[in-house]
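Engineer: Before I ask anything, let me first share the structure, which is written out below as structure tokens.
The values are calculated or read from the model by the stated rules, or taken from the named source; none is laboratory data. The structure displayed is predicted, hence computed values, not measured ones. Neighbour counts run over all protein chains shown; Cβ positions are idealised from the backbone, glycine included.
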Amino acid sequence: MRAQHVNPFIDSVKLVFETMLGTQVAIAKPRIKTDDQPSYDVTGIIALSGEAVGSVAVSFPMDTAIKCVEAFSGMPVEEPDDNFTDAIGELANMIAGNAKKDLENLKVNISVPTVIVGQGHRLGRHQLGPWIVLECTSPHGPFNLEMCVVEVAAAVAGGA
Amino acid sequence: MRILLVDDSTTMRNIQKKILAGLGYSEIAEAGDGVQALAAFNAQRPDMMLVDWNMPNMDGLTLVKKVREVDKQVLLLMVTTEAEKTRVIDAIKAGVNNYLVKPFTPAVLSEKIEQTLAKRLAAAAS
């Protein structure tokens, strides 16, 4: 994953949280995720296809997820029901969708979101390339943005 | 005015519904994908549709094309995360009257709806 592919996601997560949740997000320096690190309790995942392939995952501790969904939807969350997972999926959709427009003129399609709820679950990560983690801090609590974006032309040229 | 909200996210439909209610619109129907929306369109013939792009079963662009095959008058506002210029051009060619990129504030959605209505009034007056 090229370093210049990370910045669109940093800009996008800040924009989405500021616009839809009314909060600022602080983001730590990107790092590569290793296989033994679990995700948090609630994860929204978007698959990428087209001239770049990969995935984008937004992963929250349950407490953060509930507070974020309440701020986003304007409704209290009593339990992680379908409306809760819908809101998490839509946040992932907006973050991935806004980032892809700045992926250096690559034509990229995004999937409809998938949401996983389960304490300390692990994502089965494909081997397209390294996963980058952005550790985010918001007034609602911490969360991670995890992504793997690989340009198809570069992967073919490199024999991947 | 009858408005049909088309988005696979119930959260987004609820947010849009709340904003529209605040603007005084009360005849609001909903659909969760393009197939449902086409059925609702045929049954209800709304005056305006707010249409998401990425949805299961039938995407918003296909829906717009199908609606425009039979109705040139209904106002179509695409509300989507698809922000690339090529996508906007595709949507305009398919027949949308206006385009709004998510995320958006209530003020921006209100402005886009007013703009869309104003375009129709201007076209009718000319």
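Engineer: Read through the list (1) part of a loop (DSSP other than H, G, I, E, B); (2) within 11 Å of chain B (Cβ to nearest Cβ); (3) of a type outside the set (Lys, Arg), then give the number of the only condition that A:Glu78 fails.
Structural biologist: So the condition that A:Glu78 fails would be (2).
Engineer: Something else about it: How about the range A:18-36: which of its residues are in contact (Cβ under 8 Å) with a residue 24 or more places away in the chain and surrounded by 14 or more Cβ atoms within 10 Å (Cβ to Cβ)?
Structural biologist: Across the range A:18-36, the qualifying residues are A:Met20, A:Leu21, A:Thr23, A:Val25, A:Ile27, A:Pro30, A:Lys33.
Engineer: Take the residues in the range B:4-26 that are crowded, with 20+ Cβ neighbours inside 10 Å and in contact with a Leu (Cβ under 6 Å, 6 or more places away or on another chain); name whichever of them is farthest from A:Leu91 (Cα to Cα).
Structural biologist: My answer is B:Leu5.
Engineer: Let me ask you something else. In the range B:73-105, what residues are within 11 Å of chain A (Cβ to nearest Cβ), surrounded by 14 or more Cβ atoms within 10 Å (Cβ to Cβ) and touching a helix residue (DSSP H, G or I) at 6+ places or on another chain (Cβ under 9 Å)?
Structural biologist: Listed by number, the residues that qualify are B:Thr80, B:Thr81, B:Glu82, B:Ala83, B:Glu84, B:Arg87, B:Val101, B:Lys102, B:Pro103, B:Phe104.
Engineer: Please name all residue pairs, on different chains or six or more residues apart, with Cβ atoms under 6 Å, provided the first residue is in the range B:6-26 and is more than 7 Å from chain A (Cβ to nearest Cβ) and the second residue is crowded, with 18+ Cβ neighbours inside 10 Å and assigned to a helix (DSSP H, G or I).
Structural biologist: So the pair list comes out as B:Val6/B:Ala37; B:Asp7/B:Arg13; B:Ile19/B:Leu109.
Engineer: Separate question: Count, please, the residues in the range A:61-82 that happen to be more than 23 Å from B:Asp52 (Cβ to Cβ), buried (at least 20 other Cβ atoms within 10 Å of the Cβ) and not polar (S, T, N, Q).
Structural biologist: 1
Engineer: While we're on this one: Does the range B:6-30 hold any residues that are in a loop (DSSP other than H, G, I, E, B) and modelled with pLDDT of 95 or more, and which are they?
Structural biologist: At the first step, the residues of the range B:6-30 found to be in a loop (DSSP other than H, G, I, E, B) are B:7-9, B:23-26.
B:Asp7, B:Asp8, B:Ser9, listed by residue number.
Engineer: Go through the range A:96-140 and give me each residue that's in contact with a Leu (Cβ under 9 Å, 6 or more places away or on another chain), outside any strand (DSSP E or B) and within 9 Å of chain B (Cβ to nearest Cβ).
Structural biologist: A:Ala96, A:Asn98, A:Lys100, A:Ser111, A:Pro113
Engineer: Evaluate the following for A:Thr85: is it assigned to a helix (DSSP H, G or I), without any contact (Cβ under 8 Å) to a residue 60 or more places away in the chain, among the hydroxyl-bearing types (Ser, Thr, Tyr) and buried (at least 19 other Cβ atoms within 10 Å of the Cβ)?
Structural biologist: Yes: the conditions hold for A:Thr85.
Engineer: Okay, next question. In the range B:86-113, what count of residues is obtained for those that are part of a helix (DSSP H, G or I) and touching a residue at least 40 places away in the same chain (Cβ under 8 Å)? Give the steps one after another, and end with the answer.
Structural biologist: Here is the first cut: in the range B:86-113, the residues part of a helix (DSSP H, G or I) are B:86-94, B:106-113.
Now narrow it down to the ones that are touching a residue at least 40 places away in the same chain (Cβ under 8 Å): B:106, B:109-110, B:113.
Count: 4.
Engineer: I would also like to ask the following. Identify, please: which residue in the range A:39-55 is of a type in the set (A, V, I, L, M) and either over 15 Å from A:Ser111 (Cβ atoms) or buried (at least 23 other Cβ atoms within 10 Å of the Cβ) (or both) and is, among those, farthest from the chain's Cα centre (by Cα)?
Structural biologist: Checking each candidate, the answer is A:Ala52.
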